[in-house]
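Below is one structure, written out as structure tokens, with a few remarks after it.
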Amino acid sequence: MNIAKYKDKWRCQVYKNGIRKSGTFATKTEASDWGKRTEIELSDAKAELGFTFGDACDKYIAEVSSKKDGEKWEVNRIEALRTFFGTATLLAEISAPQIAAWRDDRLAKVTGGTVLREKNVLNNIFTVARDEWHWCEHYPFNGVKMPQENEEREAVWRWQQIKQVLRAPVNGKTKEVVDAFHIALRTSLRLQEVLIAPTIFDKKRQVCVVPPKFNKTKRTETVPVGRIAAKLLQRPAFKVKPNEASTLFADLTGRLGIDGLTFHDTRASALTYLSRKVDVMRLAKISRHKDIRILQRRYYRERPEDISKVL
């Protein structure tokens, strides 16, 4: 509420829950009384405004997510949040108990790190809705404890395990997955990128040109590949799809008795091995990391004892 002198009268302006009202009065007292009554009326009308969680999600996706490089991934998270909290639920009805219930539900299914990343999206929705849109006044995260960030993975595919996979007696789509595994270890490409790699490989330049829709930056990225990788990429296009490949690979490693390693670990393994051949700036070009700290913290997994051997 703001009260100020206006000519020979007093003007009171009230802005609450996205609604602005003003009036002029003969005395400051009358202006103040009107302002207080109006604030109460607008607070009582909060439910009548109809600002739901679904509305907030739609507006956030259109105005905020659409401007980010990681729009696709953020929208997927928002859709999952929309399912849990309900599109018709008023923003004012979502408070600390509901946030805590969501946290516990997610922790039963995913890691603490995933919960924190999803929490950041949810937090941003409420922050923007409160501070920019004036759709709500509360902050539902107060008092809610969130899990700790996961420790960075240190798993690396060792040559003995790699040979187990490459020499496994397989055929059909499982054989395709094994071939994709080999390419991933030689290039550091992600699974989805590996499966299109034969079709985006430029033999003359010896690079893979990854189109925007297949990476997080939404830009065309050019990935240099080595001599062995170049030979592996001169093959027919893969028929197996990413989700199917993940399942087949997990089944194969289970049969081989390989625990604690995933297809995703091929990226860190490849970058760890490539770090022995190229300097960090070239490694960042291969990995496509703009922030070298992420490369060092998440994907460079050289063991201290292995480093000691070259000192």
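The values are calculated or read from the model by the stated rules, or taken from the named source; none is laboratory data. Predicted model only: the values in this text are computed from it and were never measured. Heads up, the Cβs are rebuilt from the backbone with ideal geometry, glycines too, and the neighbour counts pull from every protein chain shown. Accessible surface is based on the protein model in full, side chains and every heavy atom, while ligands, DNA and RNA are left aside. Shrake-Rupley method; radii C 1.70, N 1.55, O 1.52, S 1.80 Å.
Once the piece of chain linking LYS231 and ILE294 is laid out straight, how much longer is it, given 0.36 nm per residue of separation minus the C-alpha distance between them?
That works out to 19.7 nm of additional length.
Using unit Cβ charges (K, R positive; D, E negative) and no other charged atoms, how large, in debye to the nearest 20, is the dipole of the stretch 166-262 about its Cα centre?
400 debye
Which of rounded, prolate or oblate describes the stretch 99-145 when judged by the alpha-carbon gyration tensor and an a/c cut-off of 1.5?
It is prolate, given that a/c is not under 1.5 and a/b is the larger ratio.
Quick one: what Rg and Dmax do you get for the stretch 191-286 from the alpha carbons, in Å?
When restricted to the Cα atoms of the stretch 191-286, Rg and Dmax are 14.5, 40 Å.
On the principal axes of its Cα set, how long, how wide and how thick is the chain? Give whole Å, largest value first.
The Cα atoms of the chain stretch 89, 44, 39 Å along their principal axes.
Which whole-Hz couplings ³J(HN,Hα) result when phi for each residue of the stretch 183-190 is put into the Karplus expression 6.51 cos²θ - 1.76 cosθ + 1.60, θ = phi - 60°, listed in order with x for Gly and Pro?
With the stated coefficients, the stretch 183-190 comes to 5, 4, 5, 8, 10, 6, 5, 6 Hz.
What's the carbon and sulfur percent of the chain's accessible surface, probe 1.4 angstrom, rounded to a whole number?
Here carbon and sulfur together make up 50 percent of the probe-accessible area.
Taking 7 Å along the Cα-to-C-beta vector as the label spot, tell me the LEU166-GLU154 distance in nanometres, rounded to one decimal.
Result: 2.6 nm between the two label points.
Could you name the aspartates and glutamates in cross-link range of LYS109, using Cα to Cα under 17 Å and dropping any fewer than eight places away on the same chain?
Once the sequence-local aspartates and glutamates are set aside, what remains near LYS109 is GLU79, GLU118, GLU149.
Counting only heavy atoms of the protein chains, get the accessible area per residue of the chain (1.4 Å probe) and round it to a whole Å² value.
57 Å²
In deg cm²/dmol, rounded to 500, what helix-only [θ] at 222 nm does the chain give when every DSSP H run of at least 4 residues adds -39500 (n - 2.57) and the total is split over its residues?
That calculation yields -15000 deg cm²/dmol at 222 nm.
How big is the stretch 163-219 by Rg and Dmax over its Cα atoms, in Å?
12.7, 39
Cα-based Rg (one decimal) and Dmax (whole number) for the stretch 57-171, in Å?
Radius of gyration, then largest Cα-Cα span, for the stretch 57-171: 19.0, 62 Å.
May I have the pair-distance distribution P(r) for the stretch 235-302, computed from all Cα-Cα distances with 10 Å bins from 0 and rounded to whole percent?
In whole percents, the pair-distance histogram is 18, 37, 32, 13.
Let me check against my output: what whole-number percent is the relative contact order of the chain, with C-alpha pairs under 8 Å and at least 6 apart?
After rounding, I find 13 percent.
If the reach is capped at under 27 angstrom between alpha carbons, list the lysines near LYS21, excluding any in the same chain fewer than eight residues apart.
Correct list for LYS21: LYS5, LYS7, LYS9, LYS36, LYS46, LYS59.
Picking from LEU283, SER22, PHE84, whose Cα lies most toward the positive end of the charge dipole for the chain (charges on Cβ: Lys, Arg +1; Asp, Glu -1)?
Looking along the dipole axis, the top candidate is LEU283.
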